[in-house]
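Below is one structure; the comments refer to it alone.
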Amino acid sequence: MTLDSPHLPYADPALHAHGLFIGGHWLSGAGIPVINPSTGTMLAEVADATIDDALRAVEAADAAAAGWRATPARQRSQILHRWFNLMTEHAEDLARLIALENGKALPDARGEVAYAAEFFRWYAEEAVRVPGEFRHAPSGAHHILVDHDPIGICVLITPWNFPAAMATRKIGPALAAGCTVILKPASETPLTAYAMARLGAEAGVPPGVVNVLTTTQPGPVTNAMLADPRVRKLSFTGSTGVGRGLLAEAAKTVVSCSMELGGNAPFLVFDDADLEAALDGAMIAKMRNAGEACTAANRFYVQSGIHDAFVAGLAQRMAALKIGAGADAGTQVGPMITTRAVQKIDQLVTQAVADGARVVTGGAPLPGTGYFYPPTVLENVSPDSRIAHEEIFGPVAPVYRFDTEEEAIRLANTTEYGLAAYVYSQDLSRALRIGKGIETGMVAINRGLMSDPAAPFGGAKQSGLGREGGVTGILEFMEPKYFAVNF
Ligand code: NAP
């Protein structure tokens, strides 16, 4: 079987041990080891792009731009549909690849592939429904006509925690809008991005419309692309710290920015909640991807009347989870992405305990190969401890007690982040009232999962700018053009 075969075993890391993908060509290269976090061993090596490579990718995206922009929306839609179909056809292989390079458990990886593919289906449907506007000027002097054009070349930067979905959530709307793109996936998980690029080419995405590059110098390489006047959009998903730096860099050439940044989601449980439903939701909100999610419940605020039963139920469920290598059958909790991630979690838990928390289950890194931290529940956590203010990004559930609605809202809002929140109460008007009071872009009510390609995903405060998904997601990749018209 050759690399150009349409029936590649996409699960084989060796087949994606190359790069870069520029102008429809696969260039040879190496320099970035891809490590399996379940074992600490190397899976493959991918290319390390230089600034010149990145500018070549801009050149390729520019060469393809006019043709893609002129391609009828119906045709762009059909290509995205084919890409969705190919991802679905190869879902098991892609899930396995994600489980190998990211370490997440196979059920999570399968869920991610299905979620990721849906962005192509959703934007295949949205490509043919780009809105315009026609109004009468209030003065009566003229008519207002608003059109939307593709914004131009887009640089897309994605993190390692959802290697497929964070890429499709950007590529889908960008291609639907008529833009060409350069994707820079995270160095820890590039194989999935390269595998998907191959499927995209098979689906009929023309050369240069999607380019993929990996690099050990993300700062200089991104800055060089942002300095090129042909690049008009930066869509970034990652940490708030890196996002702040990129906003400053993009300001130099006034590049349009969409930012999906860090979170510190509160999970509020009121006395009148259905306890079993709240525990089910807590397990999803905390343990999807072993806690390595921007929407992961990071702080559990539980009202005094239900507190003890909730802690006991959560600890029982967390302790029962099966830990193992991501790609092994039966694994429910895989490893963390790196040893550094394990060390950070360990520091947060150790500090919380020093500040008065009690470990109910878990509480220390697991010895042996791979980067494992066990499901952990902490109670009596101080709201001033570091763990209340930083993203844990791991399987640790700190539980705090509260008494009144006002106190719950105040505690939930004591953070610079504002991405997601969860509220459990059987009184819907109370749940909505609390949801209105919490300063986040998204609120899940009596649910542990909110992500949906058909809904606007994004954060308030320092969790981001703009929204991905939903009906407005495509407009992030378009420039409105207003015509003042006299008939
Ligand atoms: P990160 O360190 O900010 O990295 C994200 C991406 O940015 C990677 O591709 C990284 O490349 C690149 N990067 C790093 N420094 C850069 C620079 N100076 N210029 C340009 N690119 C740069 O974040 P992460 O650790 O991968 O991901 C975890 C974070 O992402 C968490 O904070 C999480 O909450 C957030 N996240 C947010 C959402 C959301 O939708 N709001 C979704 C998922 C994750 P390298 O890998 O090569 O360093």
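Between P173, P163, which is within 15 Å of the ligand (Cβ to nearest atom), farther than 30 Å from R340 by Cβ and in the same structural domain as A14 (by TED's automatic domain parsing)?
Exactly one of P173, P163 is within 15 Å of the ligand (Cβ to nearest atom), farther than 30 Å from R340 by Cβ and in the same structural domain as A14 (by TED's automatic domain parsing), namely P173.
Which residue is nearest to the ligand (Cβ to nearest atom), if the candidates are limited to the stretch 223-242 and must be within 29 Å of F84 (Cβ to Cβ) and of a type outside the set (D, E, K, R)?
Among them, the one singled out is G238.
How about the stretch 408-435: which of its residues are within 21 Å of S385 (Cβ to Cβ) and in a loop (DSSP other than H, G, I, E, B)?
N413, T414, T415, E416, L419 - these are the residues of the stretch 408-435 that are within 21 Å of S385 (Cβ to Cβ) and in a loop (DSSP other than H, G, I, E, B).
Could you list all residues from the stretch 176-200 that are in contact with a helix residue (DSSP H, G or I) (Cβ under 6 Å, 6 or more places away or on another chain) and away from the ligand (no atom under 16 Å from the Cβ)?
Passing the criteria: A176, A177, G178, C179, T180, A195, L199, G200.
Quick check on the stretch 436-482: of everything there that is part of a strand (DSSP E or B) and more than 13 Å from the ligand (Cβ to nearest atom), which residue is nearest to A285 (Cα to Cα)?
As a first pass, look at the stretch 436-482 and keep what is part of a strand (DSSP E or B): 442-445, 457, 460-461, 464-465, 468, 478-482.
Restricting the remaining residues to those that are more than 13 Å from the ligand (Cβ to nearest atom) gives 443-445, 478-482.
On the way: V443: 12, A444: 10, I445: 12, M478: 33, E479: 35, P480: 37, K481: 40, Y482: 42 Å.
Among those that are part of a strand (DSSP E or B) and more than 13 Å from the ligand (Cβ to nearest atom), it is A444.
Would it be correct to say that R135 is of a type in the set (D, E, K, R), modelled with pLDDT of 95 or more and more than 29 Å from the chain's Cα centre (by Cα)?
Against the criterion (of a type in the set (D, E, K, R), modelled with pLDDT of 95 or more and more than 29 Å from the chain's Cα centre (by Cα)), R135 qualifies.
Quick check on L234: is it surrounded by fewer than 24 Cβ atoms within 10 Å (Cβ to Cβ), within 30 Å of A114 (Cβ to Cβ), modelled with pLDDT of 95 or more and not polar (S, T, N, Q)?
yes
So which of R299, R317, R340, R288 is in contact (Cβ under 8 Å) with a residue 12 or more places away in the chain, within 16 Å of the ligand (Cβ to nearest atom) and assigned to a helix (DSSP H, G or I)?
That would be R288, the only listed residue that is in contact (Cβ under 8 Å) with a residue 12 or more places away in the chain, within 16 Å of the ligand (Cβ to nearest atom) and assigned to a helix (DSSP H, G or I).
Could we say that A388 is farther than 29 Å from G324 by Cα, out of contact with any Asp or Glu (no Cβ under 6 Å at 6 or more places or on another chain) and either outside the structural domain of G241 (by TED's automatic domain parsing) or surrounded by 16 or more Cβ atoms within 10 Å (Cβ to Cβ) (or both) here?
no
Which members of the stretch 395-407 meet the condition of being touching a residue at least 12 places away in the same chain (Cβ under 8 Å), surrounded by fewer than 24 Cβ atoms within 10 Å (Cβ to Cβ) and in a loop (DSSP other than H, G, I, E, B)?
If the condition is that a residue be touching a residue at least 12 places away in the same chain (Cβ under 8 Å), surrounded by fewer than 24 Cβ atoms within 10 Å (Cβ to Cβ) and in a loop (DSSP other than H, G, I, E, B), then D403 is the only one that fits.
For the stretch 243-277, which residues satisfy the criterion of being part of a loop (DSSP other than H, G, I, E, B), more than 16 Å from the ligand (Cβ to nearest atom) and crowded, with 22+ Cβ neighbours inside 10 Å?
Hits for the stretch 243-277 are F270, A273.
Name every residue in the stretch 201-222 that is surrounded by fewer than 24 Cβ atoms within 10 Å (Cβ to Cβ) and within 16 Å of the ligand (Cβ to nearest atom), in order of residue number.
T216, Q217, P218, G219, P220
The values are calculated or read from the model by the stated rules, or taken from the named source; none is laboratory data. Just so it is clear, the model here is predicted, and its values are computed rather than measured. Note that we place each Cβ from the backbone using ideal geometry, even for glycine, and neighbour counts take in every protein chain shown.
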